[in-house]
Amino acid sequence: MNRRFYEFFAGRAVAEVTRCAETWAKRALINPTFLIQEVVTELKSHHSQKIEPVLVSGSFIEILAPIAEHLGVPYILATKLLHDGQKYNGRFVPPQTIGVGKALAIQDFIEKHGGDLKNCWAYGDDISDEHMLKLVGHPVAVIGDPLLEAYAHKHGWRCLNLPKESQTLAFSSKKVFPFNETSLHEISVL
């Protein structure tokens with residue numbers, strides 16, 4: 001299914017997609033409910049402790065870049081669409097950063113940049129985030145997915161409870177996952 005989605009970009013100009021992503025993000029970020037504020041507060045707390053986050057997402061870099069910039073996040077681990085410098089070819093560089101792919105991307109980042117996964121935090125709002133959450137020393141379940149909530153309680157993980165309206169937004173959203181050698185977070189966005 002995800003491969004089919006990225007095939008849609010075959011032949012599209014990189015500059016055009018980037019421009020559209022910037023326009024979309026600019027409009028979306030005007031809406032105060034676009035980002036789940038409870039998770040943004042967690043991110044700001046880690047920022048204040050001089051922890052540098054990285055976004056980890058199943059989406060692709062061009063879409064995430066304006067959001068990362070808005071949040072002050074310098075690194076993005078996301079699906080990399082292949083292109084010839086001008087146009088996309090509809091394929092991506094494996095692994096795709098969903099499910100176990102997020103954990104693989106994080107491990108690769110840690111190997112390249114240093115750090116200790118035991119000192120990392122991860123915030124996940126879906127059971128598919130279990131691999132990412134199990135990887136770090138400080139997993140946090142952003143409550144909304146009953147399967148993840150049960151899994152988190154079983155493993156003694158911290159749970160971040162959201163107001164009902166935020167839970168609804170989380171279920172209707174795409175996910176953006178910031179992380180770094182001392183901090184992993186997840187921020188859900190529409």
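We did not get these values from a lab; they are worked out from the coordinates using the rules stated. Since we're looking at a predicted model, the values are computed, not measured. All Cβ positions, even for glycine, are placed from backbone atoms using ideal geometry, and neighbour counts span all protein chains on display.
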Estimated FRET transfer efficiency when R0 is 35 angstrom, pair Thr18-Lys112 (beta carbons, to 0.05): 0.90
Label model pair Arg91, Arg3: point-to-point distance (7 angstrom along the Cα→beta-carbon line) in nm is 1.1
For Leu64, Leu162, order by how many other beta-carbon atoms lie within 10 Å, fewest first: Leu162, Leu64
Please give, to one decimal in nm, the separation of the simple spin-label points placed at Tyr75 and Lys50, each 7 Å out from Cα toward the Cβ. 1.8
Taking the stretch 24-161, the whole-percent share of alpha-carbon pairs separated by over 24 angstrom is 33
Put +1 on the Cβ of every Lys and Arg and -1 on every Asp and Glu Cβ in the stretch 2-189; which of Gly85, Ile30, Phe109 then has its Cα farthest towards the positive end of the dipole? Gly85
